[in-house]
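Undergrad: Take this structure first; my questions come after.
The values are calculated or read from the model by the stated rules, or taken from the named source; none is laboratory data. Just so you know, these numbers come straight off a predicted model, no measurement behind them. Virtual Cβ from ideal backbone geometry, glycine too; neighbours counted across all protein chains shown. Side chains included, ligands, DNA and RNA excluded: accessible areas come from the protein's heavy atoms. Shrake-Rupley method; radii C 1.70, N 1.55, O 1.52, S 1.80 Å.
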Amino acid sequence: SFGFKGMGLASVFEILSATLSGMANGSRLIPMIGDDMHTARKLGHFVVAIDPRAFLDETQYFNSIAEYLSDLRAQQSSGHTDVLAPGDREWQCHAQRTAQGIPLDSANQQAYQALANRFDIPELDFID
């Protein structure tokens, strides 16, 4: 019973970015990863730039966006998590990594330490 608007919007952008440019649609796209890196992916693009000031003044726009985001985040979630606006998760991750550091697996730790040794950089301090 949900999802019709999302599918409609996704379809519009699929048509604008793929069909109108003669590129492959959705499931016809060749995977972006794998052994074959020589076959063209036929990946289309569509760019739209909208100047909100063409519709309303800047203050009204930013106030409306703030109100929209507040309303969005206040919605009930279907699970036990908060409703997030686009970018919220990234800002949360940024704050956490600023406070606690960026997690690195052991292979990357070894690679960075090898680079440090190669360029006579003092021993690196990795956080567990």
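Undergrad: All but one of (1) open to solvent by 70 Å² or more (accessible area, probe 1.4 Å); (2) closer than 30 Å to Phe13 by Cα; (3) of a type in the set (S, T, N, Q); (4) over 22 Å from the mean Cα position of the chain (by Cα) hold for Gln92, so report the exception by its number.
TA: Result: Gln92 fails condition (4) only.
Undergrad: Related question: Filtering the range 102-128 down to residues that are out of contact with any Phe, Trp or Tyr (no Cβ under 9 Å at 6 or more places or on another chain), more than 27 Å from Gln92 (Cα to Cα) and not in a loop (DSSP other than H, G, I, E, B), which residue is least open to solvent (accessible area, probe 1.4 Å)?
TA: By that ranking, first place goes to Ala116.
Undergrad: Among (1) open to solvent by less than 90 Å² (accessible area, probe 1.4 Å); (2) more than 30 Å from Asp128 (Cα to Cα), which single condition is His38 missing?
TA: For His38, the failing item is (1).
Undergrad: Residue by residue through the range 1-37, note down the ones that are of a type outside the set (Asp, Glu) and touching a helix residue (DSSP H, G or I) at 6+ places or on another chain (Cβ under 8 Å).
TA: Ala18, Met23, Asn25, Gly26
Undergrad: If you check Ala99 against the conditions, is it surrounded by 10 or more Cβ atoms within 10 Å (Cβ to Cβ) and farther than 30 Å from Ile15 by Cα?
TA: For Ala99, the condition - surrounded by 10 or more Cβ atoms within 10 Å (Cβ to Cβ) and farther than 30 Å from Ile15 by Cα - is not met.
Undergrad: Then there's this: Inside the range 43-73, can you point out the residues that are closer than 30 Å to Thr19 by Cβ and open to solvent by less than 90 Å² (accessible area, probe 1.4 Å)?
TA: Scanning the range 43-73 gives Leu43, Gly44, Phe46, Val48, Asp51, Pro52, Ala54.
Undergrad: Any chance the range 24-46 includes a residue that's part of a loop (DSSP other than H, G, I, E, B) and modelled with pLDDT of 95 or more?
TA: No, the conditions are met nowhere in the range 24-46.
Undergrad: Looking only at residues that are closer than 20 Å to Ala49 by Cβ and open to solvent by 100 Å² or more (accessible area, probe 1.4 Å) in the range 1-23, which one is modelled with the lowest pLDDT?
TA: Leu9
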